[in-house]
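Peer 1: For reference, the structure I am asking about is given below.
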Amino acid sequence: MSTLMDNANTTSAEVDAAVIEELHEAFESGELVLFVGGGISAAAGLPTWRQLVDLLVERVREQVGDDVVTAEVAALARSQRYSEALGAAEHALGAAEFNAFVEDALDDEGLEPPRIALAIAALRGKLRAVLTTNLNHLLERAFGHEWETMWRVTDDVAWRRRFILKLHGTLKEPGSWVFARERFLASIAAPDVRRSLTAVLSNCPVLFIGFGRADGNFDEMLSDIHALSGSSPPPRFVIVPSASLTPYRRTMLGDMGFLLLPYETPDGSHDRALEILERMSEPRARAATTSRPSRSILPPPIPDLELPPSSSPLGFPAYELPPDSAGYDDTVTMPGALGAPRRDRASEPPASPIEVFFSYSESNRELRDKLETHLAILKRKGVIRGWHDGEIGAGEERDRALAEHLETAKVILLLISADFLASDFCYDVEMQKAIERHERGEARVIPVILDACDWEGAPFGRLASLPRGGRPVTSWVNQSEAFTDIAKGIRKQVEQLTQNPP
């Protein structure tokens with residue numbers, strides 16, 4: 001296999017190998033999220049954003065006939081300010097004409113999903129989700145419409161698995177289109193939605209593919225994702241043509257924590273991107289590397305609502321990829337078609353119950369009791385054993401008992417309220433100890449939001465919370481639904497623990 005990073009403008013081969021090893025670990029974790037850019041559309045023969053804007057410039061010239069208006073759209077296009085150019089074209093043509101033109105230009109009906117789409121679909125056994133900026137339906141078709149497709153960020157994306165989220169909208173619904181960055185930010189402005197998206201980006205490793213220098217707003221998008229990812233996100237990888245990385249851009253992305261995997265395109269092909277994906281996902285023993293310190297891929301995975309275990313086969317068919325005959329511009333990356341078997345889910349309870357520690361304020365005892373009741377089925381099955389200060393027997397030293405169980409519990413529930421945050425013991429003793437064990441990988445800490453309070457800036461604020469989206473229990477009309485939601489999330493965490501104990 002040829003060396004990927006072999007010139008002075010790229011990282012060393014050793015660092016490259018270490019990044020690919022880390023990407024391999026992220027893929028094997030089953031939590032990797034793919035972020036797919038416009039390269040998939042170009043690979044199918046559809047126009048890139050740059051080409052679409054060029055077509056719109058001609059359309060404006062034909063339909064409007066105003067040199068000043070046409071020059072404005074053209075100037076924005078030349079500056080690679082594509083979202084602004086699209087907005088100017090829509091203003092010039094009117095919404096109806098603009099929508100009809102874009103829908104016709106990006107329509108993928110009659111086109112076969114390209115190799116890149118089939119390759120992504122072949123990875124689905126170990127992917128958590130796919131995010132994309134593409135409006136067309138190439139990805140959904142490559143997935144055989146087996147994964148749910150969403151074109152709006154909702155407050156429950158942190159809980160979902162096996163979905164395709166189209167951040168710019170979907171082609172047949174012009175009202176869903178999000179071209180301008182400001183409109184995208186407005187679409188995630190609701191606190192629950194923003195919190196849920198942040199939970200995904202701060203807990204899941206992300207791989208960006210299909211982006212290049214023709215994606216004029218890619219750096220802005222990466223900046224937005226950086227802001228949503230919290231202070232200590234899991235790895236974020238970018239497979240990108242080397243030609244699209246200027247020295248400043250490389251430094252900027254590196255400073256934001258993105259791990260770059262640039263590749264050369266000496267003959268205009270993207271075969272070396274295939275090599276990266278193949279190296280990332282091929283089964284092998286972990287190679288020893290000294291160029292990068294090892295680190296944990298994830299804090300405990302965010303709870304999911306994956307389909308329950310079934311007796312039906314969970315494998316996916318391999319795809320036979322047709323020869324690649326389409327022309328590609330420098331925005332396209334071409335990952336190989338790699339089959340990946342789905343991980344088996346735990347179906348048997350652990351040999352001994354997993355201890356779940358309740359950290360709470362005394363004022364929230366009633367809510368704690370209700371939560372414990374909703375966990376009864378897990379206790380009856382011998383999956384968990386709940387523990388809190390109410391378990392302390394007569395004659396036991398309270399502080400010692402609390403310290404011992406806080407040290408040995410595998411799951412620690414922080415029952416968050418204003419009283420919890422105001423309690424010196426809850427916040428400074430129990431919570432701090434829980435976070436220390438969480439960061440060492442010894443336990444999983446799950447914030448459970450009981451009542452509305454300003455908790456996002458706390459040390460546990462970067463962790464995925466329950467109920468979904470961090471919506472406080474007391475704000476639910478039916479609190480039993482909230483506690484059921486929490487119980488399901490805890491069950492999923494415990495199932496993951498039985499598979500991958502700390």
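The values are calculated or read from the model by the stated rules, or taken from the named source; none is laboratory data. Here the structure is a predicted model, which means the values were calculated and not measured. In this analysis, Cβ positions are derived from the backbone assuming ideal geometry, glycine residues included, and neighbour counts consider all displayed protein chains. Remember, those area values only see protein heavy atoms, side chains included, never the ligands or the DNA or RNA. Shrake-Rupley method; radii C 1.70, N 1.55, O 1.52, S 1.80 Å.
Peer 1: What fraction, in whole percent, of alpha-carbon pairs in region 83-137 exceed 15 Å separation? Show your work: numbers first, answer last.
Peer 2: Numbers: 937 of 1485 pairs.
For region 83-137, the share of Cα pairs beyond 15 Å comes to 63 percent.
Peer 1: Going Cα to Cα from residue 381, which lysines come in below 21 Å? Please leave out same-chain ones fewer than 8 positions away.
Peer 2: 370, 410, 488, 492
Peer 1: Straight-line reach from residue 166: which lysines have a Cα under 23 Å away, not including same-chain ones fewer than 8 places off?
Peer 2: Excluding near neighbours in sequence, the set is 126.
Peer 1: Jot down the radius of gyration and Dmax of region 426-502, Cα atoms only, both in angstrom.
Peer 2: 13.2, 38
Peer 1: Can you list residues whose amide H is under 5 Å from residue 32's amide H, if they're 5+ apart or on another chain and H is modeled 1.01 Å from N?
Peer 2: Sorted by chain and number, the residues that satisfy this are 128.
Peer 1: If the only charges are +1 at each Lys and Arg Cβ and -1 at each Asp and Glu Cβ, what is the size of the charge dipole of region 361-482 around the Cα centre, to the nearest 20 debye? Please report the intermediate quantities before stating the final value.
Peer 2: Working: 17 positive and 22 negative charges, 162 e Å.
For region 361-482, the charge dipole is close to 780 debye.
Peer 1: Can you give the FRET efficiency for residue 452 and residue 407, using 1/(1 + (r/R0)^6), R0 = 51 Å, r = Cβ-Cβ distance, to the nearest 0.05?
Peer 2: Numbers: r = 31 Å, r/R0 = 0.61.
It comes to 0.95.
Peer 1: If you don't mind, another one. Which value, in Å² rounded to 10, gives the accessible area of residue 198 with a 1.4 Å probe and all protein chains present?
Peer 2: 40 Å²
Peer 1: How much net charge surrounds residue 370 when only the other residues with a Cβ under 14 Å from the Cβ of residue 370 are counted, with Lys and Arg +1 and Asp and Glu -1?
Peer 2: Charge balance in the 14 Å sphere: -4.
Peer 1: Continuing with this model, one more query. Under 13 Å from a point placed 7 Å out from the Cα of residue 429 along the Cα-to-Cβ direction: which residues of region 362-377 have their backbone N that close?
Peer 2: Flagged as within label range: 362.
Peer 1: Let me ask something else about it. Region 106-142 to region 434-469: how many Å between their Cα centroids?
Peer 2: Rounded to whole Å, the Cα centres lie 34 Å apart.
Peer 1: Okay, next question. From the phi angles alone, apply the Karplus equation (6.51, -1.76, 1.60; θ = phi - 60°) to region 103-113 and give each ³J(HN,Hα) in whole Hz, x where the residue is Gly or Pro.
Peer 2: The phi angles translate into 4, 5, 5, 9, 5, 9, 4, x, 9, 6, x Hz.
Peer 1: With all protein chains present, how much of the accessible area of region 84-208 (probe radius 1.4 Å) comes from carbon and sulfur, to the nearest whole percent?
Peer 2: Using a 1.4 Å probe with all protein chains present, region 84-208 comes out at 51 percent carbon and sulfur.
Peer 1: How much net charge surrounds residue 206 when only the other residues with a Cβ under 12 Å from the Cβ of residue 206 are counted, with Lys and Arg +1 and Asp and Glu -1?
Peer 2: Values: positive: 128, 236; negative: 31.
Once positives and negatives cancel, what remains is +1.
Peer 1: While we're on this one: Multiply the residue gap between residue 479 and residue 243 by 0.36 nm, knock off their C-alpha separation, and tell me the result in nm, one decimal place.
Peer 2: Values: separation 236, 0.36 × 236 = 84.96 nm, distance 5.46 nm.
Length difference between fully extended and current span is 79.5 nm.
Peer 1: Please work out the FRET efficiency for the pair residue 422 and residue 377, using the Cβ-Cβ distance as r and a Förster radius of 22 Å; give the result to the nearest 0.05. Walk me through the numbers on the way to the answer.
Peer 2: Working: r = 33 Å, r/R0 = 1.50.
Efficiency at R0 = 22 Å is approximately 0.10.
Peer 1: First measure r as the distance between the Cβ atoms of residue 96 and residue 190, then evaluate 1/(1 + (r/R0)^6) with R0 = 35 Å and state the FRET efficiency to the nearest 0.05. Provide the component values of the computation, followed by the final result.
Peer 2: Working: r = 29 Å, r/R0 = 0.83.
Computed FRET efficiency for residue 96 and residue 190: 0.75.
Peer 1: Out of residues 5 or more away from residue 150 or on other chains, whose amide H comes under 5 Å of its own, with H placed 1.01 Å from N in the peptide plane?
Peer 2: 164, 165, 166
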